[in-house]
Amino acid sequence: MPESPGTGLVRQIGTLGWKIDGWCTALDIQVAGQPDQQRLLALTDELQHRLTELGFGTHIVERPNGWTT
């Protein structure tokens, strides 16, 4: 039987409008070494644009070490 996600995670996902039932795919993009937080924020729009070009129309969530989408 699959593990159920925690209540906090379900709330975060729902807030973003992500699908929480059935099948879904997520990408966790992490940078190596000590990430520069300002650089991560500065690259978010470009990453969103590139992912959209590749057919991934999605929201990006900035994380301390990269992004989740």
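The values are calculated or read from the model by the stated rules, or taken from the named source; none is laboratory data. These numbers were taken from a predicted model, which means no experiment stands behind them. Because the Cβ atoms are built from the backbone with ideal geometry, glycine has one as well, and the counts that use them run over all protein chains shown. Only protein heavy atoms, including side chains, enter the accessible area calculation; ligands, DNA and RNA are left aside. Shrake-Rupley method; radii C 1.70, N 1.55, O 1.52, S 1.80 Å.
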| note | Simple spin-label estimate for Gln12/Val61, 7 Å along Cα→Cβ, in nm, reads 0.4
| said: Tell me the per residue accessible area of the stretch 1-53 using a 1.4 Å probe; a whole number in Å² is fine. | reply: 89
| At q = 0.11, 0.18, 0.27, 0.28 Å⁻¹, what base-10 log of I(q)/I(0) does the Debye formula yield for the chain when every alpha carbon is treated as an equal point scatterer in vacuo? | -0.32, -0.80, -1.26, -1.30
| task | Kindly state, to the nearest 0.05, the FRET efficiency for Glu46 paired with Asp21, given R0 = 30 Å and r defined as their beta-carbon distance. | result | 0.40
